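Before any comments, here is the structure.
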Amino acid sequence: MGKDACILVHGFTGSPEELEPLASVLEKSGYQVLLPVLAGHCGTKEDLKKATAVGWIRGVEETLKEAMHQYEKVHLIGFSAGAMVCAVLAAKYPVESVTMLAPAVYYLGSKQTFREMANLIKATWNSNGFSRDDLKTRMDKMSQVPLKSVQQMRRLVTRGKAALPDISQPVCIIQGRQDEIVEPRGAEYAHATVSSFIKEIHYLENSGHMLCLEGDRNKVQQYVLDFLDSLQVEQQRNSS
């Protein structure tokens with residue numbers, strides 16, 4: 001059993017694979033890592049069409065309940081839409097901390113998203129960062145997103161934003177300045193709105209949306225590890 005459990009929640013139209021590099025580092029550092037799949041994801045277009053914001057939240061909630069039975073401390077780490085799921089759950093359950101990676105507080109509309117994704121593909125076609133194949137795959141998936149699913153995404157964002165003031169646990173927020181999917185100002189909004197006494201925010205000047213897969217992913221991993229480790233140091237200090 002690891003020292004703590006970390007639940008990593010992927011983004012809208014994504015999969016746990018977009019969090020695998022971070023998950024691997026956390027596991028090597030002794031954390032027990034759980035990677036739930038949001039309802040309707042990793043399946044067919046019809047599966048996604050049937051899924052709801054409530055279903056996304058409930059699915060992760062079940063994982064959280066099980067983890068809280070098995071581990072004394074559970075940390076929530078959410079990426080994009082996953083960060084909004086984590087916000088809703090952190091406002092309801094006594095989790096140890098919340099880490100928000102590119103939180104989807106201000107989610108760009110579908111037309112804007114596709115335009116920005118196209119620009120990003122052009123800009124990174126021959127780069128050594130997030131590969132063109134990964135970008136093309138993600139864009140293809142997004143172009144097939146049912147309208148109902150986009151509406152559910154908006155509902156999730158609304159619920160997540162409403163939950164922010166009720167979060168009092170330690171919070172870490174990491175945001176790419178070049179994000180092409182969510183507006184970077186959402187990170188500052190989340191940081192200012194949570195009620196947490198312990199909260200930190202980090203910006204990556206050259207990173208886009210896929211924080212865990214792009215060139216600055218090592219910085220993301222280090223920020224998360226440093227945050228989680230600092231909480232353990234604080235707990236040990238308070239108990240001594």
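Here, each number is a calculation from the coordinates, and none is a lab measurement. Note that the structure is predicted; figures quoted are calculated from it, not measured. Note: ideal-geometry Cβ built from the backbone for every residue, glycine included; neighbour counts use all protein chains shown.
Give me the number: length gained by fully extending residue 62 to residue 185, i.e. 0.36 nm times residue separation minus the C-alpha to C-alpha distance, one decimal in nm.
Numbers: separation 123, 0.36 × 123 = 44.28 nm, distance 3.09 nm.
So the extension gain works out to 41.2 nm.
Taking R0 as 35 Å, what FRET efficiency do you get between residue 206 and residue 69 from their Cβ-Cβ distance, rounded to the nearest 0.05?
After rounding, the FRET efficiency stands at 0.25.
Using 32 Å as the Cα-Cα cut-off, could you pick out the over-long pairs in 73/148; 92/219; 148/199; 3/50?
Numbers: 73/148 36 Å; 92/219 30 Å; 148/199 34 Å; 3/50 37 Å.
Violating the 32 Å Cα-Cα cut-off are 73/148; 148/199; 3/50.
Under 5 Å between amide hydrogens, which residues at least 5 positions from residue 176 or on another chain qualify, with H placed 1.01 Å from N in the peptide plane?
102, 204
From the convex hull of the Cα coordinates of region 53-106, what is the mean projected area in square nanometres?
If you wrap the Cα atoms of region 53-106 in a convex hull and average its projections, you get 3.4 nm².
Could I get the Rg over Rh figure for region 166-240? Both from C-alpha atoms, Rh via Kirkwood, rounded to two places. Provide the component values of the computation, followed by the final result.
Working: Rg = 13.7 Å, Rh = 13.3 Å.
Taking Rg over the Kirkwood Rh, I get 1.03.
Stokes-Einstein diffusion coefficient for region 1-98 at 4 °C in a medium of 1.567 mPa s, Rh from the Kirkwood formula over Cα pairs: what value in µm²/s?
Value of D from the Cα-based Kirkwood radius: 97 µm²/s.
What nm value, rounded to one decimal, do you get for the distance between residue 147 and residue 195 when each label is placed 7 Å out toward the C-beta?
4.0
Return the FRET efficiency for the residue pair residue 230, residue 49: r is the Cβ-Cβ distance, R0 is 45 Å, and the value is rounded to the nearest 0.05.
Between residue 230 and residue 49 the formula returns 0.60.
Would you calculate the separation in nanometres between label points at residue 93 and residue 162, each defined as 7 Å from the Cα along the Cα-to-beta-carbon direction?
In this crude label model, residue 93 to residue 162 measures out at 2.0 nm.
Taking K and R as +1 and D and E as -1, what net charge do the other residues with C-beta under 14 Å from the C-beta of residue 3 add up to?
For residues surrounding residue 3, the net value is -3.
Lys/Arg Cβ at +1, Asp/Glu Cβ at -1, dipole of region 22-111 taken about the Cα centre: which of 82, 99, 34 is farthest positive-ward?
Checking the options against the dipole of region 22-111, the answer is 82.
Just add up the charged neighbours of residue 175: K/R +1, D/E -1, any other residue whose Cβ is under 15 Å from the Cβ of residue 175.
-3
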